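Taking it in order: structure first as structure tokens, then the write-up.
Each reported figure results from applying straightforward, stated rules to the coordinates on display, with no laboratory input. No experiment lies behind these values; they were computed from the predicted model shown.
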């Protein structure tokens with residue numbers, strides 16, 4: 001148990017030390033419309049929430065952020081008309097995003113991806129996560145990436161840091 005806790009702490013330290021310089025999500029992504037496609041869709045209203053569910057061959061894009069999988073659920077607040085969250089599942093679900101003006105990409109796969117669009121946009125990958133960026137490949141149980149602050153947290157991670165060209 002102690003060894004697992006030490007690994008988690010070491011992973012968090014490595015990630016926090018490495019990602020502020022490597023990760024630069026494009027600020028313009030959040031200002032873009034959310035586009036989607038799938039084979040089927042349903043819409044239902046629960047109280048103050050509209051839920052759009054896409055099924056089969058799901059593709060979601062906002063700016064340079066791309067998500068794909070088998071099922072996606074969009075949760076909207078009816079009062080504010082704000083999109084609160086997109087959850088994509090698949091075997092695997094995939095995440096792709098241009099992280100800087102040089103065209104470098106972040107890539108991830110997992111069982112579930114939550115894209116939280118609230119006050120701070122967060123991409124959370126859960127279950128058998130593989131997350132790649134220039135100079136880093138991570139395998140984790142969970143990764144949470146805060147798009148505006150460029151902070152990244154991982155749980156139960158193993159990875160490889162490779163040499164970066166400066």
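Per residue, how much space in cubic angstrom lies within the convex hull of the C-alpha atoms of region 53-151?
Working: hull volume 9.5 nm³, N = 99.
Hull volume normalised by residue count: 96 Å³.
How many angstrom lie between the Cα centre of region 146-165 and the Cα centre of region 77-133?
15
Seen from all sides and averaged, what is the projected area of the convex hull of the Cα atoms in region 120-166, in nm²? Working shown, then result.
Working: hull surface 14.0 nm².
Projected area, direction-averaged: 3.5 nm².
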